[in-house]
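Single-structure report; data block below.
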Amino acid sequence: MKQVVQNYKSGELAVLDVPVPGCKPGGVLVRSAFSLISTGTELMKVSEAGMSMVGKARSRPDQVAKVMQSVATNGLPATYRKVMGKLDSYTPLGYSLCGVVEQVGAGVDDVKVGDLVACAGNEHALHAELNWVPKNLYTPVPDGLAPQHAAFGTVGSIALQGVRQGEPQLGEVALVIGLGLIGQLVVQLLTAAGVRVVGADPDPVRCELAERLGAVACGDPGSAVVETAVAELTDGHGVDQVYLAAGGGSNQPVELAAQLSRDRGRVVDIGKCRLDLPWNAYYEKELDVRFSRSYGPGRYDPEYELAGRDYPIGYVRWTERRNLACFLDLAARGRVDVAPLVSHIADFDDAVETYRRLKDGELKAVAVLFRYPGAEGERMAEAPTLAVPEVRRPGRAAAPARSAAPVRPAGTPVRLAFVGAGNYATSMLLPHLARREGVALSTVVTTTALSAANAQRKFGFERATTDLDAVLGDDSIDAVFVVTRHSSHAALTERALLAGKPVFVEKPLALTEGELAGVLAAVEESGNDRLQVGFNRRFAPLLREAKQRFGTRSGPASLRYLVNAGRLQHGSWYLQQDTEGSRFAGEGGHFIDTASWLLGADPVSVYAVAPAGNQDLQIVLGYPDGSTATLSYVTTGAPGFPKETLDLVADGKVLELDDFVRASVHFSGAAGRRRWVSSRLPKARDKGQSAELASFIKAVRTGGPMPVPLESLVATTAATLAVQAALTSGAPVTLAGPK
């Protein structure tokens, strides 16, 4: 197996092949899924290893004292050999991870193989593919907590133990000095405990993050912001507690603690900062200085950590393991949110480069995670391979089964029913259909009578009703449009298919894999595969012409698609994620379908990441021929910037699309460089709705193929659902076709 190690003498970092640890009694063998880099403790160790021998000695006077004692006891030559031998050897890194139990040792009965656990310890929760972890240093991960978030368990326990040492009470005010990883967690824990928090850190980005996570105010330790906030919150008395979560050689943190504490306040040291206490300041206020020892009671006690002897809960309420379980519970219940702290997720194989970037300051991060190969198999991802449901039609050996609805005779209008008459239906679909020859708007069905009546009045429906059964049982209706809220799309589509009706359903077709499977079950049961999803962009005239000009390609392509989605208005039902799914689940299929149509294939893999602190998504789609599509779905862009821009690159050609207003294709070859640019600007952005509706109506009228094959609609929907699975797992999701 592989493990991250460091040579403390030379400073060398490496990922080495090392033997797999044995599964000893009293513990479990855990295969790592994610491990967390402590950007404080570990980077300090990495930096020290890069120092000269003199620098190392200056940074660790405690170790120098031990060496001098050894010289006095064992002599200089023996001590030198011992010190050099220890320095010139590889030491492990890491102490906080989440993984899957691969083997259970004798005497362990609280977990089983396959369970997801969080692990602690700088000897047992290492940056390694496999770790043996004793019983008191792991705990099961609660349901619903993502594994990359459970990997914060150890540092969360450190922060939690520090907060316990401060003994916060409801209504108190606390000052947190140092807003790195531990400090950010302390802020959230105090806020969850009903304490108002002021933060101090020289980094304005960290101050802003802490305020988003619950701090009342944050600022530079030397600025008036912190002092003013403390004075206002405490009526000038000073804070009840100060938490020192800073590092470095400055004595400013302990001096600031004394300055802003109330009389007989509590000062808790969690980090590793200089502690030259100003005697007068601490004496005059009789400040209570406390230390927080790592994860809690049991730390450094081999009987507890290695032998597994627990402390009775009646005497020691919060041990290392109970702190670990408590923090995970808080995270699972949303009382602590670690997602905004994740600045970067790196592949385990890139560990050395990741440490280098952190050490050199190239990578600015609060928290960095390693993602391990083979992590797809554990509960965290429950979907790193997402099966694309097979489209099964009765009589597949013969022609595909069709709707029972007859082909319309020439000159007879196609009669349509609308289920739903909301904003999209009334602004983007019905205006095209109301004026189209050969179409009759038969019936509109809504849940409220008024909206149905409004649609009838505006667009000339023959009938308005709230009775869906009346529509599905009406043989005169040739096709049904489902244009309701997202949560009802799949169920209504099933009912319409089972009734034998061709269906046009606005995106998304389904919000879950189960809903998608239900739609396909209705296709199989009814023999009715007459389905179209409102993926209109592939029908946009400007984009179709650009694709034609681009021509065929022989090699893999690279496609980039920027969707400047913007922020939702307060009160938008898109924000009702519990019932209506995420915003991307609702509209992301548009962009995946467009990319797949341009590349001429359905995706086979999906990878997605979300920057900390916002809802932006970066998605990479892989295709069978090696082509890739990178989709940036962002909500934090400038409102005035175009909503959709894309470029497609392959075979020495580039296709560009600017928000469906203009397009161009660049060529290079034997004939030299050429360029096609759309000849004129359209009167309005045409994203293909009219052409899409015309194709659907034609298919209904003639009985010909639907505009988009059902298999492609299913693949696009599955890829859209896989985005959330990839975000949850932190790993690429393979879209496995039917076996």
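The values are calculated or read from the model by the stated rules, or taken from the named source; none is laboratory data. All values derive from a computational prediction rather than experimental measurement. Ideal geometry is used to build each Cβ from the backbone, glycine not excepted, and the neighbour counts take in all protein chains shown. Side chains are part of the model used for accessible areas, which takes the heavy atoms of the whole protein and leaves out ligands, DNA and RNA. Shrake-Rupley method; radii C 1.70, N 1.55, O 1.52, S 1.80 Å.
Residue farthest toward the positive end of the dipole of segment 211-257, with Cβ of Lys/Arg at +1 and Asp/Glu at -1: which of V239, L213, P253?
L213
Could you tell me which of the pairs K458/K501; K507/K643; K112/K135; K547/K687 are separated by over 20 angstrom between their Cα atoms in the structure shown? Walk me through the intermediate numbers first.
Details: K458/K501 25 Å; K507/K643 18 Å; K112/K135 12 Å; K547/K687 14 Å.
Listed pairs above 20 Å: K458/K501.
Compute the length gained on full extension between V609 and D288: take 0.36 nm times their separation in residues and subtract their Cα-Cα distance, giving the result in nm to one decimal.
111.1 nm is the gain from fully extending V609 to D288.
Between S250 and N7, 0.36 nm times their residue separation minus their Cα-Cα distance comes to what?
Full extension of this stretch gives 84.7 nm more.
In the neighborhood of S668, defined by Cβ-to-Cβ distances under 11 Å, what is the net charge if each Lys or Arg adds +1 and each Asp or Glu adds -1? Let's see the in-between values first.
Numbers: positive: K653, R673, R674, R675; negative: D651.
Around S668, the surrounding residues sum to +3.
Quick query: amide H of V141 versus all other amide H atoms, modeled in the peptide plane; which residues come in under 5 Å with a sequence gap of 5 or more or a different chain?
For V141, whose amide H was placed from the backbone, the distant partners under 5 Å are L116, V117, A118.
Using 1/(1 + (r/R0)^6) with R0 = 41 angstrom and r between the beta carbons of A453 and R544, what's the FRET efficiency to the nearest 0.05?
0.60
What net charge do the residues around A719 carry, taking every other residue with its C-beta under 13 Å from that of A719, with Lys and Arg at +1 and Asp and Glu at -1?
Once positives and negatives cancel, what remains is -3.
S96's amide H: which non-local residues (gap 5+, or another chain) put their own amide H closer than 5 Å, with H modeled 1.01 Å from N in plane and none for Pro or chain starts?
L36
Dipole of segment 411-513, Cα-centred, from +1 at each Lys and Arg C-beta and -1 at each Asp and Glu C-beta, to the nearest 20 debye?
Computed charge dipole of segment 411-513: roughly 400 debye.
Tell me, what HN-Hα J-couplings in whole Hz come from the Karplus equation 6.51 cos²θ - 1.76 cosθ + 1.60 at θ = phi - 60° for each residue of segment 127-137, using x for Gly and Pro?
Along segment 127-137, the couplings run 6, 8, 5, 9, 9, 8, 10, x, 4, 7, 10 Hz.
If amide hydrogens are placed 1.01 Å from N in the peptide plane, which non-local residues have theirs closer than 5 Å to the one on S627?
Those qualifying (amide H under 5 Å, at least 5 residues apart or on another chain) are A557.
Which whole-number value in Å² is the accessible area per residue of segment 401-552, probe 1.4 Å?
41 Å²
Relative contact order, percent, of segment 445-532 when contacts are C-alpha pairs under 8 Å separated by at least 6 residues?
24 percent
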